[in-house]
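Structure first, then comments.
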Amino acid sequence: MIRDLIENNRVWSARKTDGDPEFFRRLERQQSPEYLWIGCSDSRVPANEIVGLDPGELFVHRNVANLAPPQDANYLSVLQFAVEVLKVKHIMVVGHYGCGGVAAAVDGQRRGLVDHWLHPIRETYAEHRHDLEAIPAERERLDRLCELNVLRQVRNVASDVFVQDAWARGQALAVHGWVYSLSNGLVTDLKTTITSATELEALI
Ligand code: CO
């Protein structure tokens, strides 16, 4: 029931100020998160909860299949604000195994607008077709595609001019690629962290 949500909210708010009466007043004055999370919209991947962060500690951008398309004004606005105004120190692109968006990108069915949105994933699939098609089980093949999609989006973020300019200014900024498992709630670091323009060049 929708009414229950308002009731939950009252309880949550009271719990936050129990023992820390200044909690909301402090946040009202300013936010200073050190992290930008770029993740999937999937309801089973709640950004703050997974990494144990409070309001004010994580700047979040979520869309279907955790994409960072270099022409998407929504993502770019978030990225610029996070890097230039909030000066976050870490950006994590977080995919998840069993991603419906990733599966929908390559199942050949027509769904409409989302097929266009998911186009970059089909490109990633085509780029790695040989390796992917060598994986016999469909689920494992799709899980690998989820990882490859994260690696690709990490490169998109790291090669973006906002990030490149931050590095050129000497700003400390690391871009990470993670994948979350719905089956056990654990995050795996894909060990693709990029912390400078030089590191990105070595990768391409
Ligand atoms: Co997903």
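The values are calculated or read from the model by the stated rules, or taken from the named source; none is laboratory data. Predicted, not measured: the structure shown is a model, and the values here were computed from it. Please note: Cβ atoms are built from the backbone with ideal geometry, for glycine as well, and neighbour counts cover all protein chains shown. SASA here: full protein model, heavy atoms, side chains in, ligands and nucleic acids out. Shrake-Rupley method; radii C 1.70, N 1.55, O 1.52, S 1.80 Å.
What the table below lists for this structure:
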{"read-out": "Backbone HN-Hα couplings from phi across the stretch 189-200 [Karplus 6.51/-1.76/1.60, Hz, Gly and Pro as x]", "value": "7, 7, 6, 10, 4, 10, 10, 7, 4, 5, 5, 5"}
{"read-out": "Average accessible surface area per residue within the stretch 152-204, 1.4 Å rolling probe, Å²", "value": "50"}
{"read-out": "Length added when fully stretched, residue 187-residue 9, from 0.36 nm per residue minus Cα-Cα", "value": "61.3 nm"}
{"read-out": "Ranked order, 22, 140, 28 - accessible area, probe 1.4 Å, largest first", "value": "28, 140, 22"}
{"read-out": "Helix axis angle, 138-159 relative to the chain longest principal axis, alpha carbon, degrees", "value": "70"}
{"read-out": "Long-range HN-HN contacts of residue 65 with modeled amide H, under 5 Å", "value": "41, 42, 101"}
{"read-out": "Theoretical ellipticity at 222 nm over the chain - DSSP helices of four or more residues, -39500 (n - 2.57) apiece, nearest 500", "value": "-13500 deg cm²/dmol"}
{"read-out": "Relative contact order (%) - the stretch 1-159, alpha-carbon pairs under 8 angstrom, separation at least six", "value": "22"}
{"read-out": "Segment residue 48-residue 76, extension gain: residue separation times 0.36 nm, minus the distance between their alpha carbons", "value": "8.0 nm"}
{"read-out": "Beta bridge orientation in the chain: antiparallel %, DSSP, nearest 5", "value": "20"}
{"read-out": "Carbon/sulfur fraction of accessible area - the stretch 63-163, other protein chains in place, 1.4 Å, %", "value": "54"}
{"read-out": "Pairs of alpha carbons in the chain whose separation is greater than 25 Å (percent)", "value": "43"}
{"read-out": "Solvent-accessible surface ranking, highest first, for 96, 119, 128 at 1.4 angstrom", "value": "119, 128, 96"}
{"read-out": "Residue 60 long-range amide H proximity, modeled H, under 5 Å", "value": "37"}
{"read-out": "Per-peptide average of other Cβ atoms within 10 Å, ordering 180-187, 145-152, 156-163 highest first", "value": "145-152, 156-163, 180-187"}
{"read-out": "Check: the chain dipole with +1 on Lys, Arg Cβ and -1 on Asp, Glu Cβ, in debye", "value": "300"}
{"read-out": "In order through the stretch 65-82: 3J(HN,Hα) via Karplus (6.51 cos²θ - 1.76 cosθ + 1.60), integer Hz, x for Gly, Pro", "value": "6, 6, 9, 10, x, x, 10, 8, 5, 5, 4, 5, 5, 4, 4, 4, 4, 5"}
{"read-out": "Inter-label distance, nm, simple model (7 Å from Cα along the C-beta direction), residue 131/residue 165", "value": "3.3"}
